[in-house]
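First comes the structure, then the notes that go with it.
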Amino acid sequence: MFLKSIDLTTALRPSYLPDEVLLFVQDNVGLYEGKSKIPDHQNGSVYLTSHRICYVDNADPRKNSAAIDLKDIDRFEFYAGFLKSSPKITLIPKPSKRSSVQSRAVSSLGSPSRSATSSPLSRTDSPFRVPTTEPPPASTATWICPICSFSNPVPSNFDPATASAHTPLAPCLACGIKPPLALVLKAAISSVTNRPPPSSSQFSGAPLPIRGRTDLPLSPSDTSTRPHSQSPISNSNGALQSNTRASFQCPRCTFENHPSLLSCELCGAPLISQDPSSGLDNSTLRAESPGPTLSHLQLPGIENESIKLSFRAGGEKIFYERLKGCMTQRKWLLQGAPPVPRPNRASGTESGISWSGTSTPTGERMKTVGIAGLEQRRLEVQKNNEIIIGNAFEDLEALMASAKEIVALAESFASSNGNTSSESSAVANALGLVTTKDMLGGGSNSESLYITELSRNLAEFLTDDARGVLRKAGGIISLVDLWAMFNRARGGVELVSPSDFEKAARLWEKLKLPVRLRQFKSGVLVVQGSDRTDEKTIKALLAWLSSLHSVPPDKELAWDWQTFGRGVTAHDTAEHFGWSIGVAEEELEMAEDRGALCREESDEGLKFWENWIDPDQSPSSDQPYNVI
Amino acid sequence: MTTLSPSTTFTYPRHYNFPPFFTRQPQLTTFHAQCRKWSLLIQAYCRFHRLFRLPLDSPLFTNERLNRRLVPEDARAVLDFMRSEGRAEWVRGGEERSVAWVWWRTPEEWAGIIGDWVEETAQKNTVLTLYELTEGEATVSQEFHGMDPEVLQRALAILVKRGKAQVFGQEDQQGVKFF
Amino acid sequence: MTTLSPSTTFTYPRHYNFPPFFTRQPQLTTFHAQCRKWSLLIQAYCRFHRLFRLPLDSPLFTNERLNRRLVPEDARAVLDFMRSEGRAEWVRGGEERSVAWVWWRTPEEWAGIIGDWVEETAQKNTVLTLYELTEGEATVSQEFHGMDPEVLQRALAILVKRGKAQVFGQEDQQGVKFF
Amino acid sequence: MSRKGVGLAAFDRSRITSAQYASHGNNLRSSHSTSLATQLSVFRSLLQQFAQTHGKDIRSNPSFRAEFARMCAAIGVDPLASSSGASGKDGGSFWSQMLGGSVNDFYFELAVKVVEVCGATREENGGLIGVKEVRDRIMSTRIEGGAEITEDDILRAVNTLKPLGSSYSTLTVGNKLYIRSIPKELNTDQSAVLEAAQLLGYVTVSMLMANLHWPRARAKTAIDDLVSESMLWVDKQCDEWEYWNPGFMLEVEEDANGR
């Protein structure tokens, strides 16, 4: 068995090796050994990192979590699942006896999955980024828009052979009107006849000498097909990683893309393998399974069985892509390699307008877009340096108008069929447009994986001893301060919204993590260790106050301080316990509520004392004598 | 508790020098304990100084040494509490709820004391003027000597109700006959 | 905050013209904030004027324009606060707690600066008189030029403890050897 | 339906009509959902194009930002509700995915600064600070060429903090906007005193008694409450004690430098 056990951090997540980078997370995944399921490894989440694949079980993370080192994997196969059986990825271990280079070479060549592009082989180790120069005039086919006679390039991934009524067409750049299918077909075919031979629409993975070739045969307005409504999980953990951000290298032009992008910013190559059907959960209606064409060699006598990962909630294609990227990069070999350069996110998007315009089968004509598009076109040409905010407002108007319509439709949609009967919501679901207002504005309120990962990440941020956030705050910190501290640590990029933060905080209990959210009587939300109780806090406060009986004060006091001790302000308490003033006030008032303390209001402000007015209320104070 | 020491100065209880004692406690149980303690202190103070009425700005509510003070509205809350205990009553007339009777001895108790004295000194069926009762030499040693005339009236009214005495005469020249 | 402007006048922070700044605030938390502001002002003021000692009646504590003054006993409270922060010390001798050392640079920091200077100018294992150190031309450009002799002693004492220097000679003719 | 069908015929007719209604309902609904789909795609493309050209405007231009936020509020959509990082499988709103978080990051970063300013000044103002003062402090620490920040931005940033427990909120006292970072509310007397203090920067007991016709005790308690919350500083070096609003520390005239 080449499954190794791993240790987990306090947030029940695999603790990474120093330079190990998390690339992808996917929940409800099950493990198979050979054909049979591995008992109690059927419901967990799988973490793909640059060095390992870690499986963390939901039921009992500590006991049955396991990991497979990428370097032990000989090759891996993708099974897209059929009817009831969910998609799987099989990891075949290296034959431990002889690691023949030959069989390895065969295997790495042997898996040209049907995915559009296979990564160029001759990869220089440090993928140097192609400078984003102004793309040269399109040499590919162009079609003339019947409306505004603007010559639009034919999308590079438009394959005349397989084009059908369903293929999404990019609307005309100027007026945004969808062209009739026939026109584009004719243009594409005419261009194919007069283009140089190797012109298969899918850019074959010919090895690209990186240096010097600036006139890349790029089509400026490459349109990626309609991005899957199920956009790939932005490398959620990558995004959460505050310092090094794992980027996703584009297989065609090796440009480092931001993990959450669907198509490469530079050359527009789709980052995940193409799948014509744009249905939401595309596990059912799958074209043909992109299994390996080469029949893999039956190496006799492999002792350790292959491990299968069964993906029951999707995400297997993205996992497969990232795994492929990983295996080619073989990061675990470059122990000392310099870190991957950070892609600058704000790469000028000015250069290419990547329209991800989508057309719908009915091609309904949209008046507003047309006119606004024309206006925009003219302005675009004239406005290169100074920013005209005026037209910005116009765009804003157009944007808001369409948003308003959506909201209106969504509401009427919801109200029209009243009880959103299952059948109609199924239709809506199928069309991937269950648009409630919150999807538009607030993101789905379902417990997305992002929130659970954020929750674990937060727990780690709090309890990790190096940073000692919770310890330094005296074991308790207000949620607002924590939010500010957490976002401050992220350096002002990809900040977490307060509502997501709060949702994540509410999950700690369910995820059995060592921190708790607590609400004071006044409504203030604070975060504290799960072992912290009011009784302990009161005991600590009383211990401190009783210690003041023996500490001689620096200035003369008017009352018998040996008997009564001294009053403390929220500020003194905060300083003593390391709390914030807000937290100190809440804890003192809690202790007062429980009868342990009483208060003194004076021009010196509010002070809290041991409750000598009603001593039998305070918990069995050890002082035997009754002062009063 | 404070013993009525024969010495000249009134001895304050220890919690009189406990600063929070002068702040109205928001926590209910503690507040009740605070009221009970103030009630006992007020009664002892008035008994010692033989005071029957107590204004809200009495020196009792200010602790010079601690430079702390039970502000009038909190003092009023304490006296309201005493009223519910039957140990105080707001003096009618004058500013509303600004001076209170302090029943370190209730009128009923006074009636009892006066009744017993009359019996001891076998002065039943004799007529005594109110003045004689509280200011006369005979009653010098008695507790009700120098008693507040209004309180005396209340005490006698109770005796009348019990049918043990009969008050007659007008305004300042009143007399009482005991049976 | 005040920037050490090369110009002649010391720029006061805006709250120097806030009247209550000169009154010790009764509320303890407010007073703590007031002390922190005074502490920063005092350190900036002394750094600008290269003062090492500050008397309680220094002109800094009086704002003529506002006709307000931080009275000596309140100034003493502020300096006590700075002492607890490690930013001030009472000068021994003379009237008790009336003049304070203001550590806009602590002796440890001074020791560091002197140590670095010695290293830079490669004067290890050479003997320098204390006078030379603070008054000699060589150190004109250095911050510790014209330093208060007592503070210099404190700094050197720290270097001695760190085994980086050795002081010898008597009263006024003292020299120091750096290792 | 004036004609009342009778007996079996009626029965059939009603069944047919209900079938028609059902089918009509269906195609109405499907046409409805398709029109929704088109509208959604149009919105998506418009947002995409808008993001390209004006994404950075939002960050740099305050009036544009205010307009954008106002419109979002008008149609009842909150672009700040979810994190931009959440453009995960089904998380993340259209806005955050398309605008690439430029809106989010701007407001959240500002909110972080506001929380830090309120925390730093908690001791001297008791958790009640003028929006103008917060803006001055943030602008003074802003690097050159940084985005211009208006008071409206700060108010919007504070509002995004709502889900994190109720301690942060904005309030107006008199004509001045305040940010409160403590859960305790001001009672009417206390806000009346703070409003009075806005005129000259301070109040005195007699001033309150004269202008608000309060008895001395009431004026005294209101002032003492505020002093004990560090919301007023006292100046005792004048014949009648003056109670100043700490916010005025920044507003006393600049030129009064030196003695």
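The values are calculated or read from the model by the stated rules, or taken from the named source; none is laboratory data. Keep in mind that this is a model prediction, so the values were computed, not measured. Note: ideal-geometry Cβ built from the backbone for every residue, glycine included; neighbour counts use all protein chains shown.
Annotations for the structure displayed:
- Residue match in region C:38-58 (condition: within 11 Å of another protein chain (Cβ to nearest Cβ) and out of contact with any Pro (no Cβ under 7 Å at 6 or more places or on another chain)): no
- Among the residues listed as A:Y79, A:Y47, A:Y16, A:Y55, the single one being touching a residue at least 24 places away in the same chain (Cβ under 8 Å), among the hydroxyl-bearing types (S, T, Y) and over 22 Å from A:D464 (Cα atoms): A:Y79
- Failed item in (1) assigned to a helix (DSSP H, G or I); (2) buried (at least 16 other Cβ atoms within 10 Å of the Cβ), with C:S84 passing the rest: (2)
- Residue in region B:101-114 that is touching a residue at least 60 places away in the same chain (Cβ under 8 Å), assigned by TED's automatic domain parsing to the domain that holds B:T139 and over 15 Å from the mean Cα position of the chain (by Cα) present: no
- Residue within region C:28-35 that is β-branched (V, I, T), facing another protein chain (nearest Cβ under 7 Å) and farther than 21 Å from D:E251 by Cα present: yes
- Any chance D:I58 is out of contact with any helix residue (DSSP H, G or I) (no Cβ under 9 Å at 6 or more places or on another chain) and at pLDDT below 70: no
Let's see how each residue does on (1) outside any helix (DSSP H, G or I); (2) surrounded by 20 or more Cβ atoms within 10 Å (Cβ to Cβ); (3) away from chain A (no Cβ under 14 Å):
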residue	(1), (2), (3)
B:A75	no, yes, yes
B:D80	no, no, yes
B:R97	yes, no, yes
B:A111	no, yes, yes
B:I114	no, yes, yes
B:V118	no, yes, yes
B:K124	yes, no, yes
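- For region A:450-458, the condition holds for at least one residue, the condition being that it is surrounded by fewer than 22 Cβ atoms within 10 Å (Cβ to Cβ), within 27 Å of A:L511 (Cβ to Cβ) and at pLDDT 70 or above.
- Single match in A:G34, A:G81, A:G44 (criterion: modelled with pLDDT of 85 or more and either on the phi > 0 side of the Ramachandran plot or surrounded by 13 or more Cβ atoms within 10 Å (Cβ to Cβ) (or both)): A:G44
- You will find that of B:G175, B:G169, the residue that is on the phi > 0 side of the Ramachandran plot, more than 22 Å from the chain's Cα centre (by Cα) and among the small types (G, A, S) is B:G169 and no other.
- Of all positions in region D:162-177, at least one carries a residue that is more than 14 Å from chain A (Cβ to nearest Cβ) and either touching a residue at least 40 places away in the same chain (Cβ under 8 Å) or basic (K, R) (or both).
- Scanning region A:558-579 for residues that are out of contact with any Gly (no Cβ under 6 Å at 6 or more places or on another chain) and away from chain C (no Cβ under 14 Å) yields A:A558, A:W559, A:D560, A:W561, A:Q562, A:T563, A:F564, A:G565.
- Boolean, B:P13 is at pLDDT 90 or above, facing chain A (nearest Cβ under 9 Å) and in contact with a Ser or Thr (Cβ under 7 Å, 6 or more places away or on another chain): yes
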